[in-house]
Amino acid sequence: MSDRTDDPDNGDPGVATKTRTRTQRPPMYKVMLLNDDFTPMEFVVHVLERFFGVNHAQAFEIMLTVHKKGLAVVGVFSYEIAETKVAQVMDFARRHQHPLQCTLEKEE
Ligand code: TYC
């Protein structure tokens with residue numbers, strides 16, 4: 001009598017297992033603006049309006065948060081978009097000779 005060694009189940013009723021592969025959501029990245037002592041407040045407000053699509057009042061509020069707390073999250077994006085925002089802000093600040101810093105951090 002065969003022990004059915006080539007049968008993947010080997011004749012053993014075993015336990016039915018099914019591995020559920022869940023599709024992971026792509027990680028999101030926080031884009032943060034950092035405070036410094038030199039970049040003019042109006043310039044930061046302009047950056048927020050221009051690159052983050054917020055209105056003037058919201059931009060002013062975010063700028064003040066950064067000024068008082070040292071940094072603030074200005075948006076959460078996919079990696080590609082976050083990287084682009086950071087590059088745009090850094091390039092714009094550099095072209096205007098302001099030391100404004102913008103960074104990204106993976107969201108947990
Ligand atoms: N601290 C700056 C000033 O007093 C203003 C400022 C705000 C700079 C936010 C950077 O991300 C920043 N002129």
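Within region 47-64, the set of residues being more than 16 Å from Cys102 (Cα to Cα) and surrounded by 12 or more Cβ atoms within 10 Å (Cβ to Cβ) comprises Val54, Gln58, Phe60, Glu61. Can Val44 be described as of a type outside the set (Gly, Ala, Ser), surrounded by 16 or more Cβ atoms within 10 Å (Cβ to Cβ), in contact with a helix residue (DSSP H, G or I) (Cβ under 6 Å, 6 or more places away or on another chain) and not in a helix (DSSP H, G or I)? No: the conditions fail for Val44. Of all residues in region 50-108 being in a helix (DSSP H, G or I) and among the small types (Gly, Ala, Ser), which is nearest to Phe38 (Cα to Cα)? Among those that are in a helix (DSSP H, G or I) and among the small types (Gly, Ala, Ser), it is Ala93.
Considering only residues of region 20-41 that are within 14 Å of the ligand (Cβ to nearest atom) and either within 14 Å of Lys85 (Cβ to Cβ) or of a type in the set (A, V, I, L, M, F, W, C) (or both), which is surrounded by the fewest Cβ atoms within 10 Å (Cβ to Cβ)? The residue in question is Phe38.
Pairs meeting the criteria (first residue in region 31-60 and without any contact (Cβ under 8 Å) to a residue 60 or more places away in the chain, second residue of a type in the set (Gly, Ala, Ser) and assigned to a loop (DSSP other than H, G, I, E, B), beta carbons under 8 Å, at least 6 apart or on different chains) are Asn35/Gly70.
Where a number appears in this text, it was derived from the coordinates with a stated rule and is not lab data. None of the values given here were measured: they were computed from a predicted structure. As a convention, Cβ positions derive from the backbone with ideal geometry for all residues, glycine included, and neighbour counts pool all protein chains shown.
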